[in-house]
Number of protein chains: 2
Amino acid sequence: MSSASPKPLLLDAARVAGLLERIAARIGARHVVTDTADLAPHLVEGRGLFRGTTPAMVEPSDTQEVAFIVAACAEAGVPVVPQGGNTGLVGGQMPFGGLLVSLRRLNRIRDLDPVDLTVVAEAGCTLHQVHEAATAAGCLFPLSIASEGSCQIGGNLSTNAGGTAVLRYGNMRELTFGLEVVLPDGRIWNGLSRLRKDNTGYALKDLFIGAEGTLGIITAAVLRLYPAPRSRATALIGLPDPHAALALFRRLRDVAGDALSGFEILPRFGMETVLKHMPGTVRALAGDHAWYVLAELSSTRRGDDLSELAVEVFAAAFEAGEIEDAVVAASEAQADGLWRLREALSDAQKFEGGSIKHDVSVPVSRVPDFIAEAARRCEAHLPGVRVCAFGHMGDGNIHFNLSQPVGMDKADYLARWEAFNRIVHDLVAGLGGSISAEHGIGLLKRDELPLYKDPVALQLMAAIKAAIDPAGIANPGKVLKRD
Amino acid sequence: MSSASPKPLLLDAARVAGLLERIAARIGARHVVTDTADLAPHLVEGRGLFRGTTPAMVEPSDTQEVAFIVAACAEAGVPVVPQGGNTGLVGGQMPFGGLLVSLRRLNRIRDLDPVDLTVVAEAGCTLHQVHEAATAAGCLFPLSIASEGSCQIGGNLSTNAGGTAVLRYGNMRELTFGLEVVLPDGRIWNGLSRLRKDNTGYALKDLFIGAEGTLGIITAAVLRLYPAPRSRATALIGLPDPHAALALFRRLRDVAGDALSGFEILPRFGMETVLKHMPGTVRALAGDHAWYVLAELSSTRRGDDLSELAVEVFAAAFEAGEIEDAVVAASEAQADGLWRLREALSDAQKFEGGSIKHDVSVPVSRVPDFIAEAARRCEAHLPGVRVCAFGHMGDGNIHFNLSQPVGMDKADYLARWEAFNRIVHDLVAGLGGSISAEHGIGLLKRDELPLYKDPVALQLMAAIKAAIDPAGIANPGKVLKRD
């Protein structure tokens with residue numbers, strides 16, 4: 001496996017005890033959690049790749065309390081590690097000796113304006129909570145990721161979350177107008193701007209988004225809403241290969257324009273894995289297809305008939321021999337059923353043994369070549385490995401996952417993670433791609449990053465980190481190595 | 001006037017001579033311009049607010065030459081001031097003793113990909129050149145500003161340019177995937193990523209965009225293209241006041257959705273000034289209206305009839321008593337004629353004497369109240385002042401310009417710039433707005449910024465500047481004061 005939990009920091013016990021006492025006096029002793037059983041779920045992440053350690057988890061209730069905690073930690077020289085819903089996939093939310101700061105009590109929607117199309121949400125709001133608030137006001141908050149029920153806005157911001165709606169609406173950075181941040185020395189930056197245009201200095205908001213807590217703790221944000229779509233057409237298409245999928249993508253983009261709001265791809269192995277293991281999933285196309293595309297059109301325009309438009313496009317694509325079959329959902333329930341086939345895939349893979357995962361991106365035009373060549377190299381490296389390349393093809397973002405050969409020992413298989421990283425990431429780099437399209441760097445890819453990132457970019461990142469967090473207490477050892 | 005050219009830096013003459021000799025040996029003596037007449041047009045900006053001084057203007061031909069120049073300047077302790085088309089409105093492109101670096105010879109389109117919808121352009125390409133390249137490939141590069149014939153991509157990036165298409169497509173930052181930058185010590189950061197999704201560290205691209213040359217010199221960028229719109233509907237609407245304009249904006253957004261791609265406002269005084277002074281402009285609405293809106297719908301979708309949609313919306317708005325009259329262009333030529341009424345306004349104002357200008361933004365919902373209250377306060381301060389509040393209402397960005405009272409001495413009038421700044425900017429700040437929506441800070445608003453910007457934000461900016469440009473040679477004294 002490419003990951004190992006780092007040795008925890010050794011801190012002076014008396015110093016830590018004094019710190020916890022100070023914090024307890026300010027936020028209440030019951031919000032300084034030290035009980036092992038209570039801490040346990042916060043010290044292991046979803047895939048079990050890392051196990052954290054911490055003297056305590058503190059639960060501030062507002063920005064001022066976060067600032068107090070961070071200032072106290074800065075004074076005591078104790079690192080702070082923010083944690084949201086603990087759904088991150090690269091270990092960024094795991095503490096290794098530092099104080100764990102839970103944002104869950106900062107969970108207020110401070111404001112929502114349906115004319116300006118903005119919502120001000122605190123970091124501990126779940127994504128689902130923001131979706132609900134937007135929907136209640138006739139609006140859409142577009143960010144759509146599988147963990148929406150438990151992930152929190154602060155984590156979405158810190159990892160610049162992506163997902164299935166990026167194609168049309170952009171990722172978290174593009175969905176954010178302003179931020180409130182507690183800096184590593186406890187100062188509060190109030191950058192809760194609601195403005196569409198503001199050219200008064202450096203792009204601080206963009207810097208903190210995606211910094212994975214290494215530059216401070218985001219406590220609230222002004223998020224961008226959109227009018228809720230009035231119509232939607234969801235379709236599942238069977239086709240021979242990713243080249244055909246690229247042709248279909250271009251055809252849909254050409255005819256439907258901005259209405260194209262989702263374009264996901266999955267292979268036969270992925271589809272069969274979902275249908276085999278995931279309750280409530282139903283085969284939507286009768287025939288057998290090597291590849292599937294889930295496409296969505298949506299529009300806020302009054303009087304649109306997107307299903308008709310979709311059917312027209314698929315008829316033409318069928319005529320041209322690009323696609324083998326297609327079904328357009330006839331109801332919202334059917335549309336949800338089609339989406340479930342795609343969204344259940346990450347969970348379904350767990351039933352097929354060890355899975356070695358890569359979250360990569362290449363220019364959209366290179367996706368078919370990337371998938372073909374990466375599969376060829378991986379199968380040559382380990383005959384029997386089962387390639388499951390799926391994801392956000394419209395963004396060039398492929399989750400290039402590899403399920404173990406049937407019957408192989410899981411641990412033996414996972415021991416090859418490094419070797420597969422080298423194969424997949426070398427190819428990605430050669431195509432001008434990224435080794436982390438949407439999950440971030442955290443700890444999982446920290447030591448991989450210098451192999452592929454421009455060295456000057458890394459030097460700039462280190463200089464910025466040192467300028468904003470000179471004492472190195474903000475989530476140290478994540479993204480960048482400690483000095 | 002709120003501006004005064006700072007005292008030029010005093011540099012050791014022998015040191016400068018040695019530096020110019022080194023540079024001439026590398027890039028050719030004819031590209032080290034010292035002739036006073038040749039330099040003159042580069043040392044005064046459009047509004048004549050500042051006059052620059054420089055030992056020479058150097059004209060590198062590629063990124064390596066820019067890096068050589070910057071490294072040599074860093075060694076000699078001589079500041080570098082990049083200049084594009086010299087169309088900036090806040091003095092950011094003016095040197096005050098430092099070396100002027102013209103980017104005009106870096107004017108290659110390195111690549112254009114109509115599938116990935118990207119164009120790689122060097123900093124010295126004019127915006128018009130990029131428009132032409134995009135159009136030739138059946139694509140659109142959406143940035144639309146009045147100076148497109150002469151402004152350059154490097155300047156557009158450094159000022160995070162805005163304009164009339166931001167409503168639909170975003171400003172320059174959102175239109176950029178990657179950058180190539182020469183840092184203040186001569187290192188080259190190659191960040192020419194073409195990726196839609198890339199979460200491998202801090203948002204360096206966003207930091208350099210809008211930094212106005214204070215963190216280095218941008219030499220090339222990967223810009224984002226869109227499919228060219230297939231249909232367009234352009235309309236001019238007469239209405240009683242900005243409240244009615246806001247109602248119309250909401251109505252159009254509701255019915256047309258993403259197709260709403262422009263929403264500009266101008267007052268009767270602005271319209272009459274254009275019709276009086278600007279050749280080739282024609283009155284488009286017969287009646288007399290206190291306010292006008294220029295609205296544009298556009299779409300890439302096949303088979304759209306946006307004129308029909310527009311007429312429907314205006315009929316409903318007329319029925320509701322929100323608008324007084326409307327005309328929808330029946331041809332591209334008519335549409336261009338309507339746009340000219342709006343775009344000629346900045347130039348037309350020059351014929352009405354001194355103009356004191358503010359480029360501000362507030363949340364869209366506050367625009368009507370802002371315009372009314374700012375006009376009231378300014379008219380109370382100086383009876384007879386003629387308010388010309390116009391611009392990008394859909395973005396909340398108003399150019400709140402004030403033409404002098406008829407017959408007043410121009411210099412006496414312009415001496416009130418500071419007083420009007422205080423009136424307008426105080427009001428903007430109270431509404432959560434920005435004192436520079438799209439023009440940037442440069443020198444013009446540098447000393448105004450600390451009055452309104454969060455102090456922690458300014459501290460962060462200073463820390464970042466010190467980290468990336470510790471010697472302080474990158475366009476010093478712009479955006480931030482020198483220490």
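Taking every C-alpha pair closer than 8 Å and separated by at least 6 residues, the mean separation divided by the residue count of segment A:247-361 gives a relative contact order of 35 percent. Counting Cα-Cα pairs of segment B:353-441 in 10 Å increments starting at 0 gives whole-percent bin shares of 18, 54, 25, 3. Relative to the other identical copies, B:Ala320 shows label-point distances of 4.0 nm, where the label point lies 7 Å from Cα along the Cβ direction and values run shortest first. Taking all Cα pairs closer than 8 Å and separated by 6 or more residues, the relative contact order of segment A:109-227 comes to 33 percent.
At A:Ala372, with labels set 7 Å past Cα in the Cβ direction, how many nm apart are the copies from this one, shortest first? Between copies, matching label points for A:Ala372 lie 6.4 nm apart.
Compared with the dominant principal axis of the Cα atoms in chain A, helix A:455-468 is inclined by about 40°. Axis angle, to the nearest 10 degrees, between helix B:127-136 and the longest C-alpha principal axis of chain B: 70 degrees.
For segment A:231-346, the gyration tensor built on C-alpha atoms gives an oblate shape. Its axis ratio a/c (a ≥ b ≥ c) is at least 1.5, and a/b is not larger than b/c.
Mind checking the dipole of chain A: about its Cα centre, +1 per Lys or Arg Cβ, -1 per Asp or Glu Cβ, Debye to the nearest 20?
900
Kirkwood analysis of the protein assembly as shown, using all unique Cα-Cα pairs, places the hydrodynamic radius at 29.5 Å. Here the Debye sum runs over all C-alpha atoms of segment A:69-137 as equal scatterers in vacuum, and log10 of I(q)/I(0) at q = 0.15, 0.27 Å⁻¹ comes out as -0.62, -1.13. Pairs of C-alpha atoms in chain B farther apart than 45 Å represent 13 percent of all such pairs.
Here is how far apart the B:Lys7 label points are across copies: 5.7 nm, shortest first, using a point 7 Å from Cα toward Cβ. For the protein assembly as shown, the Cβ-based charge dipole about the Cα centre amounts to some 1720 debye (Lys, Arg positive; Asp, Glu negative; other atoms uncharged). Panel note: the C-alpha atoms of segment A:1-51, placed on their principal axes, show extents of 42, 22, 15 Å (largest first). Computed over chain A, relative contact order equals 16 percent, with contacts defined as Cα pairs under 8 Å that lie 6+ residues apart.
According to the calculation over all Cα-Cα pairs in segment B:141-297, the P(r) per 5 Å bin from zero is 2, 8, 14, 15, 15, 13, 11, 9, 7, 4, 2, 0, 0 %. Ordering A:Thr118, A:Pro95, A:Gly354 by the projection of their Cα atoms onto the charge dipole of chain A, which places +1 on the Cβ of Lys and Arg and -1 on the Cβ of Asp and Glu, puts A:Pro95 at the extreme positive end.
As a quick test, which of the pairs B:Lys276/B:Lys350; A:Lys197/B:Lys197; B:Lys445/B:Lys478; A:Lys276/A:Lys410; A:Lys205/B:Lys453; A:Lys7/A:Lys410 have an alpha carbon distance above 18 angstrom in this structure?
Pairs exceeding 18 Å: A:Lys197/B:Lys197; A:Lys276/A:Lys410; A:Lys7/A:Lys410.
The alpha carbon centroids of segment A:68-101 and segment A:424-472 are separated by 21 Å. With bins 10 Å wide beginning at 0, the percent of Cα pairs of segment A:109-227 falling in each bin runs 15, 50, 31, 4. Here each label is just a point 7 Å from Cα along the line to Cβ, and for A:Asp62 and A:Asp288 those points are 6.4 nm apart.
Only helices enter the 222 nm calculation for chain B: every DSSP H run of n ≥ 4 contributes -39,500 (n - 2.57), and dividing by all residues gives -10000 deg cm²/dmol, rounded to 500. Counting only alpha carbon atoms, the long axis of helix B:306-319 and the longest principal axis of chain B meet at about 60°. Going by amide H atoms built from the backbone, whose H comes under 5 Å of the H on B:Leu140, apart from near neighbours? Here the answer is B:Tyr226, B:Ala228, since their amide H atoms fall under 5 Å of that of B:Leu140.
Throughout, read-outs are computed from the coordinates displayed, never taken from laboratory work. Note that the coordinates shown come from a computational prediction; the quantities given were computed from them, not determined experimentally. Methodologically, a virtual Cβ is constructed for each residue, glycine included, from the backbone with ideal geometry; neighbour enumeration extends over all protein chains shown.
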